[in-house]
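Have a look at the structure that comes next, please.
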Amino acid sequence: MRASRFFISTLKEAPSDAEIVSHKLMLRAGMIKRLGSGIYTYMPMGLRIIRKVENIIREEMNRAGAIELLMPVVQPAELWQETGRWDKMGPELMRVKDRHGRDFAIQPTSEEVITDVVRNDIKSYRQLPINFYHIQTKFRDERRPRFGLMRGREFTMKDAYSFDRDVAGMQRSYQIMYDAYVRIFERFGLQFRAVAADNGAIGGSGSHEFHVIADTGEDALVYSPESDYAANMEAAEAVAPATPRAAPSQPLTRTPTPGKAKCEAVAELLNLPLQQTVKSIVLAVDSEEAGTQVWLLMLRGDHDLNEVKAAKVPGLANYRFATESEIVEHFGTRPGYLGPIGTKKPVRVVADRTVAAMSDFVCGANEEDFHFTGANWGRDLPEPEVADLRNVVAGDPSPDGRGRLAIQRGIEVGHVFQLGTRYSEDMQATYLDETGKPQLMQMGCYGIGVTRILGAAIEQNFDDKGIIWPAAIAPFQVVLCPMGYDRSEMVRTETDRLYDALIAAGVDVILDDRGERPGVMFADWELIGVPHRVVIGERGLKEGKLEYQGRRDAAATAVAVAEMPAFVR
Ligand code: ATP
Ligand code: MG
Ligand code: MG
Ligand code: MG
């Protein structure tokens, strides 16, 4: 590819609504353009990456014996009514009517359609097992689309669906997909972890999530460094022993605002609806040495901690937000509980020497127009009323008895699930067994967030200059930057020669023939994140050398002209 015939459009600054690094960098590198909330045009530079991600997935799915088809984006409501999901899905399911007033769903996933295909076309046990997949546009009307491709409303997913005769077969199909996912994420060149996504009651887990490890991830992953135990926080908490809990040592003082006002201010800044249940608790730590303030802000509703962290809290000048697990890490202790304050369930807060020494927390506001002061707690507190609260923090013993648990954050990029007869029963997807008796099919489903992979890869691989793509999914593997392509015969000849040699060797190379100044050229390609850069200049050529610099290298290396094609591969 020649840059002059491609479309490159970079920005110095990211638009102000971009909050996390991957979103900013993708906008700056001209990979995506926002059309509406959670809806993006994949620009040529971004589409190249998406295609590479898709190709790796496709190769590994085919290798694992899955068969590609393509199911419609627009799906009749009747199918969704058969499984009850037309009503159950709520507002996340995008619904449209045709000119006759008939209802349709824009697919957020395709269990119904594939089950319909299979119940009509698969008759005999001889046709099983079978696994169909497609790579298709999805639409989910997410409550808070955010972070660019990370949580879009329109996005691309690979979804696969296996059908088996019995549970053992379903588990085999599941394992095949699990192994394929491991290969896929290894080929992407990303650091990832597969975690159990349900409580794994009685032997084995029926579901795993694949997470790209990144501090900005929305999910907490719990694992033991000394065994292969790994689960997402919900699954880990489901099997954790009930935690001895602490309640406030003295009654809280119920006070009219400003606790609520503060919470509301946060919620308002974040554009979050205040709801009736407390779910997120955030500790804001004012980091000014003198006069350290610690405020406990309880936000009502299912708030996103990344959004919360990005908020400005009036009255706190110099602070950072800590998530609960960060707080635990920071203070080296597990949270206790602050007993019922306007909610039915106790909510978890930090009970710690350090924290307890600081008194008079403000907590609010889970009751209209009131907050509480005197939220001051320690270890000597009475047992609270609710018995089955569970929590998991770093340092807890691993449930498998091997080692102590560690916690890290991840971005969910894949999810595999044993569905059993959840859909085949409602939709009567049966096959005839050896004796001619109809049997329900055992089903599995397997998703990968194709477009989310881009965001996740960047969250894991960037520096102050821009993106650092793993080679397998980089938009281009190598960029050639000639110094004076238009002016110097020598530079042009050698650049073209190298370009042709790389193309012939199957290297995905782009030649920057735009005539930009070196500084502009370098800044663009560092921002875009091409892993290998070769600079071709007269001075080096006179000594038979080119300049090579890997995207993570601190300095360039001189490489002999003849050796360069082998060097960058
Ligand atoms: P999340 O927990 O992030 O909402 P999910 O569990 O609802 O995701 P699944 O139904 O498991 O998602 O879908 C399979 C995969 O599709 C997810 O693992 C994720 O990688 C991707 N995905 C889901 N929602 C989105 C979205 N809004 N934008 C981009 N990718 C998404
Ligand atoms: Mg979701
Ligand atoms: Mg999820
Ligand atoms: Mg999921």
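Every number in this text was worked out from the coordinates using simple rules, so none of it is lab data. Computed from a predicted model, the values in this text were never measured in an experiment. Positions of Cβ are generated from backbone atoms using ideal geometry, with glycine treated the same way; all protein chains shown enter the neighbour counts.
P(r) for the range 452-541: what percent of alpha-carbon pairs falls in each 10 Å bin, starting at zero?
17, 44, 29, 9, 1
Starting from the amide H of I130, placed 1.01 Å from N in the peptide plane, find each other amide H under 5 Å away whose residue is 5 or more places distant or on another chain.
Long-range HN contacts for I130: F163.
Any number yet on Rg/Rh for the range 1-160, C-alpha, Kirkwood?
My calculation of the ratio gives 1.04.
Between the range 95-123 and the range 31-47, how many Å separate their Cα centres?
Centre-to-centre (Cα) distance: 27 Å.
Further, regarding this structure: Could you list which residues have their amide H under 5 Å from that of L511, counting only those 5 or more apart in sequence or on another chain, with H placed in the peptide plane?
Amide H neighbours of L511: R2, A3, L480.
If each residue's Cβ is checked for other Cβ atoms within 10 Å, how do E234, E209 rank with the fewest at the top?
E234, E209
Determine, from the Cβ-Cβ distance of D400 and E82 and an R0 of 41 Å, the FRET efficiency 1/(1 + (r/R0)^6), rounded to the nearest 0.05.
Efficiency, from the Cβ-Cβ distance: 0.50.
While we're looking at this one, here's another question. My understanding is that a pair violates if its Cα-Cα distance is over 24 Å; which of K97/K138; K12/K545; K24/K465 do that in this structure?
K12/K545
Taking neighbour Cβ counts within 10 Å as the exposure measure, how do L11, L221, L546 sort from fewest upward?
Placing the least packed residue first, the sequence is L11, L221, L546.
Moving on to the next point. Can you tell me, using C-alpha contacts under 8 Å and at least 6 residues apart, the relative contact order of the range 1-54 as a whole percent? Walk me through the numbers before you get to the answer.
Numbers: 48 pairs, mean separation 15.1, N = 54.
So the answer I get is 28 percent.
Sorted from fewest to most neighbouring beta carbons within 10 Å, what does the list Y133, Y174, Y42, Y431 look like?
Y42, Y431, Y174, Y133
While we're on this one: Could you tell me the distance between the Cα centroids of the range 518-536 and the range 139-201, to the nearest Å?
Comparing the Cα centres of the range 518-536 and the range 139-201, I get a distance of 34 Å.
Still on this structure, please answer the following. Quote to one decimal, in nm, the extra length available between R2 and I67 on full extension: 0.36 nm per residue of separation minus the C-alpha distance between them. Intermediate values should be presented prior to the final figure.
Values: separation 65, 0.36 × 65 = 23.40 nm, distance 3.57 nm.
That works out to 19.8 nm of additional length.
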